[in-house]
Amino acid sequence: MALARGDAPAAPDEERTPGTGRWRVGRAYRAGRLVCGCVHVTVSVDDRLGLTRHERRIVRVRFCEPVDDALRAELTELVRRRGTASERAAERIAPLELLIDDPCGEHQHMTGGLRPPHRRHGPLHEIEFGFGQPTSTR
């Protein structure tokens, strides 16, 4: 495990892996109600050719405690599904609003839907879900 600043392990917002952005901490809301008190969010850029500016942005989220029971059940279902079944499960999940704490003291607001994770094993706080534009039409 790589150590940052001497002997102390890297904090979540200081972790950096190739191709990803810096982890930031925020909160998740649904319909104005807090559903997760600690969400780790990273925004990175896909540098492949042919993508628009909007398509280049990749947002990944990890849900830490406390997590609302209804959201936990939806995340568990999303983790258990594979292939197109996972895409359909993601479409059924209502969009979330993220309020991300900025190091400068300001807040960033993002609204979108969840995407299935690439890695499906381990504790909930280690599973990274995709986050983007809501796919369900209303």
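Restricting to region 47-73, count the residues that are of a type in the set (D, E, K, R) and at pLDDT below 90. Spell out how you get there, then give the answer.
Going residue by residue through region 47-73, those that are of a type in the set (D, E, K, R) are 47-48, 53, 55-57, 60, 62, 65, 68-69, 72.
This time we only want the ones that are at pLDDT below 90, so: 47-48, 53, 55-57, 65.
Residues that pass the stated criteria total 7.
Just one residue in the set R72, R120, R92, R80 is more than 20 Å from R24 (Cα to Cα) and exposed (fewer than 12 other Cβ atoms within 10 Å of the Cβ); that residue is R80.
For the condition out of contact with any Ser or Thr (no Cβ under 8 Å at 6 or more places or on another chain), among the polar types (S, T, N, Q) and modelled with pLDDT of 85 or more, what is the one hit in T76, T137?
T76
The values are calculated or read from the model by the stated rules, or taken from the named source; none is laboratory data. Here the structure is a predicted model, which means the values were calculated and not measured. We place every Cβ from the backbone using ideal geometry, glycine too, and count neighbours over all the protein chains shown.
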